[in-house]
């Protein structure tokens, strides 16, 4: 199954540029590899092709709606808890100028993402195996990233403290949480208190629907 039309239109709205991002074949191959690997390794519960395009690919790249430069500019990104490679691999596919590092503590998932970056020709994607709080203490990774992304992870306030060491110290660098509106409502007040103590402002753009109403997403952006 090729990329559905509504997903393609959604990605254009997100800011997908011409170039490598105009050729969906790497993402089609990624789906095939994901399904094959998932038979022996628990990588994801999302295995139908329709859900792959809407709940993995479109969701990963929806970040362009609130931070367009991630789909066009030469930024450095850490994807904490990258799992089976989302948003690491779609971001690397969509923006060749981006340098994306997936951080994943589970070895089998980290190995899968590293192998997919290699076989799909995504030379701008890399993977580090380990926990974010430990990776953030290493000289090679501490303070190196314009953006730290967290998708399908836990409590935002706790993760802010664990991940902030990855972020560049200059103004404008951001930590971004992919959330649902319900999670934003539950976590925002506490997160705002903790973020303020650490020198971050909190931005929560309006919620939006993924293609074919396959879910509602809302971002929380913490900006230095």
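Quick one: which of 28-37, 116-125 comes out on top by average Cβ neighbours within 10 Å, and what's the full order, highest first?
116-125, 28-37
Return one number: the angle in degrees, 0 to 90 and rounded to the nearest 10, between the long axis of the Cα atoms of helix 107-119 and the longest principal axis of the Cα atoms of the chain.
60
If one puts a single equal scatterer on every Cα of the stretch 120-162 and applies the Debye formula without solvent, what log₁₀ I(q)/I(0) results at q = 0.28 Å⁻¹?
-1.24
Quick one: which of 92-99, 2-9 comes out on top by average Cβ neighbours within 10 Å, and what's the full order, highest first?
92-99, 2-9
If each residue's Cβ is checked for other Cβ atoms within 10 Å, how do 170, 56 rank with the fewest at the top?
Ranked by crowding around the Cβ, least crowded first: 170, 56.
Residues in the stretch 143-168 near a label at residue 45, defined as backbone nitrogen under 20 Å from the 7 Å Cα→Cβ point?
150-156
Just to be sure I understand the model, the point goes 7 Å from the Cα along the line to the Cβ. What's the resulting residue 198 to residue 9 distance in nm?
For residue 198 paired with residue 9, the spin-label model returns 3.9 nm.
Full extension from residue 170 to residue 138: what is 0.36 nm times the residue separation minus their Cα-Cα distance, to one decimal in nm?
Difference between extended and current length: 9.6 nm.
Among DSSP beta bridges lying fully in the chain, give the percent that are antiparallel, nearest 5.
Around 35 percent antiparallel, to the nearest 5.
Listed highest first by mean packing, meaning other Cβ atoms within 10 Å per residue, what order do 61-67, 186-192 come in?
For the peptides 61-67, 186-192, the packing ranking is 61-67, 186-192.
Note the angle between two axes, namely the Cα long axis of helix 181-197 and the longest principal axis of the Cα atoms of the chain, as a number of degrees from 0 to 90, rounded to the nearest 10.
40
Explain nothing, just the number: relative contact order of the chain, from Cα pairs under 8 Å at least 6 residues apart, as a whole percent.
The normalised contact order for the chain reaches 17 percent.
How much length is gained if the chain between residue 131 and residue 29 is pulled fully straight, taking 0.36 nm per residue apart and subtracting their Cα-Cα distance, in nm to one decimal?
Going from the current span to full extension adds 33.9 nm.
For semi-axes √(5λ) of the Cα gyration tensor in Å, the listed values are (1) 27, 24, 14; (2) 26, 20, 17; (3) 33, 27, 18; which was obtained by calculation from the structure presented?
From the options (1) 27, 24, 14; (2) 26, 20, 17; (3) 33, 27, 18, the structure gives (2).
Can you sort 155, 206 by how many other beta carbons sit within 10 Å, fewest first?
Going from least to most buried by this count: 206, 155.
Throughout, read-outs are computed from the coordinates displayed, never taken from laboratory work. Because the structure is a prediction, the values reported are computed rather than measured. For neighbour counting, all protein chains shown are included, and Cβ atoms are generated from backbone atoms with ideal geometry for every residue, glycine included.
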